[in-house]
Structure formats: C-alpha cells, structure tokens
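*Asks:* Sending over a structure as structure tokens; questions will come in a sec.
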Amino acid sequence: MKTTSGQKIKIGLFAIAGIAVLVAAIFLIGNKKNLFSATFTVHGMFKNVNGLQVGNNARFAGINVGVVDDIQIMTDSSVNVTLTLNDEVKKFIKKDARLSIGSDGLMGDKLVVITPGGSNDPVSGGEQLAVVNPLDVDKLIGKFTRIADDAGDLVEGLTAIVNKVNSGKGSIGRLLNNDKMAKDLDATVNQAKSTMANVHTTTSTLNEDLKAAQGNFLLKGFFNKKKKAAKAKRDSTRNVKQLRRDSVKNVKKAQKMQKDSTKKADVQQPKQ
C-alpha cells in the first residue's frame, strides 16, 4: 500500500509535536532540578526527616530556591540532607541560617525551610547548617490518644456518679431526693440557731448577775480584795521591770566611768 502525501504530512506533524513535548518536558524538569543554572550545595544533620524525599523543594523567604538533592542515613540517630540551591540566593543565606522541615500547605509535600541568620557572613557552598528537628508525630499522636482515653474514663466516672445521685443513692442522692431528710436537716439547723440564741441570752444574764453581785454589800469586800490583789501584782511586776532597767543603766554608767578613768590614766602616764 502506497503512502500518500497527506499521510506523510500527518506523520511529520505528529513527530514534530512529540519532539516539542519532549523538549518542553526536559526543559521543565531541568529547570525544576536546577540543571540549567549555577548552583551550590548545603547540608544539615537531622534526627528525623519526617517523610522528606529527594526532589522535594527547598524554600527561603517563601520562595522555592532549590531542591533536596540527597538523603543519607549516617547513624541510627542522624540523617544527612543535602540541598542544591540556586546560586542567586547564596548572598542572602548566612552561615548561621537554620534548616527545618515543613509542609507545603496542610496536607502538601514535605519541604525544607531555610531560616535566614543574623550574621553578615554568607555561605560559600558545602557548609553544614544548623537544623531544627521536627516533632515526632507518632509520639504526639500517642500522647493525645492517652489523654483522650483518660478523659473518657473520667467522663464515665462522672456519669456513674450523676446517675447514682439522680437515683437517690449515697448521702448526696438521699439528701437531694428525700424530702423527709431535707426537712430533718432544716429542723436541725433551726434548732442549732435557737440554741446559740439561748447561749447568748444566758451569757448576757450572767454578766448582769456578776455586775449586781459586785455591788452587793455582802460580796463587795470579796471583789475589792480581788481587785487589790490584782493591782498589787501589777505594781510588783512594774517595780521589778523598773529595777531591771535601773540596774542596766547603772552597769552601763559604771562601764563608762571605768573607760573614762582608763583613758585618763593612759594620758597622764609619762612617755618612756
């Protein structure tokens, strides 16, 4: 079967379109991987890369400036992540910059975030930068699970207590649901108030009786003796305190006189 000129044109156009798509794909992939621009590398040692993969973006100031070029497990507690960055951002990334692992949106791919440093020394390439290790999500989920379990147990316990109270079980339940017990408690409180009022009345009466007894001529001598004895005791205590103060003053005065006499003797003593 002979190929017509129309078929040849279609085949040529299809081949040209395929080559154009291939060139565009190579250009896009190469541009994303920084194959057509000058680059430099930095790396950081993480304890956990938290799902980071080779080819994920490296972001600086919210802009994608490179990609994750390599991830290597160095020891059981350290993973080396190498970044390939555009040479244009080298002057902005300082030697005290930090690397951290974030995500592109809430459920997006993982990426490395470069936090700018505060020094004036830009990186020259190949440096190991400080890192901020990501949170261990599995441990965090485990803690939240234990907290949720404990909260569930607490809610169940409170529900059981409330059910017992509502059904009249226990002291609080009987008090809240039994009208007779509430009335008895109210009567007890009222009786206690009445008793306290009687006590106050009795105390006032005793005070009045005591004052009247002090004015009675038969008991007046007894109370006068009590007052005199109390006054004598207070006077004796006051005299003892005054004697102590006088003794202290005399001792200080004698010490001062002794010091003065010693100074005079030292002054009058002839020099050798």
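*Asks:* Given the residues Pro134, Pro122, which is the only one that is in contact with a helix residue (DSSP H, G or I) (Cβ under 8 Å, 6 or more places away or on another chain) and within 30 Å of Phe60 (Cα to Cα)?
*Replies:* On the way: Pro134 fails: in contact with a helix residue (DSSP H, G or I) (Cβ under 8 Å, 6 or more places away or on another chain).
Testing whether each residue is in contact with a helix residue (DSSP H, G or I) (Cβ under 8 Å, 6 or more places away or on another chain) and within 30 Å of Phe60 (Cα to Cα) leaves just Pro122.
*Asks:* Considering (1) surrounded by 14 or more Cβ atoms within 10 Å (Cβ to Cβ); (2) closer than 16 Å to Asn56 by Cβ; (3) among the polar types (S, T, N, Q), say which one Gln72 fails and leave the rest.
*Replies:* Answer for Gln72: the failing condition is (1).
*Asks:* Please find, within segment 124-148, the residue that is modelled with the lowest pLDDT out of those that are in a helix (DSSP H, G or I) and not charged (D, E, K, R).
*Replies:* Quick first cut of segment 124-148, residues in a helix (DSSP H, G or I) only: 137-148.
Applying the additional criterion that residues be not charged (D, E, K, R) yields 137, 140-142, 144-145, 147-148.
Details: Val137: 63, Leu140: 69, Ile141: 74, Gly142: 74, Phe144: 76, Thr145: 80, Ile147: 85, Ala148: 81.
Once the filter is applied, the top-ranked residue is Val137.
*Asks:* Looking at Ala151, Ala160, which one is modelled with pLDDT of 80 or more, assigned to a helix (DSSP H, G or I) and farther than 30 Å from Asp96 by Cβ?
*Replies:* Details: Ala160 fails: modelled with pLDDT of 80 or more.
Going through Ala151, Ala160 in turn, the sole match is Ala151.
*Asks:* Can you name the residue in segment 96-129 that is within 18 Å of Val81 (Cα to Cα) and among the hydroxyl-bearing types (Ser, Thr, Tyr) and, of all such residues, is farthest from the chain's Cα centre (by Cα)?
*Replies:* Ser124
The values are calculated or read from the model by the stated rules, or taken from the named source; none is laboratory data. Because the structure is a prediction, the values reported are computed rather than measured. Note that each Cβ is placed from the backbone with ideal geometry, even for glycine, and that neighbours are counted across all protein chains shown.
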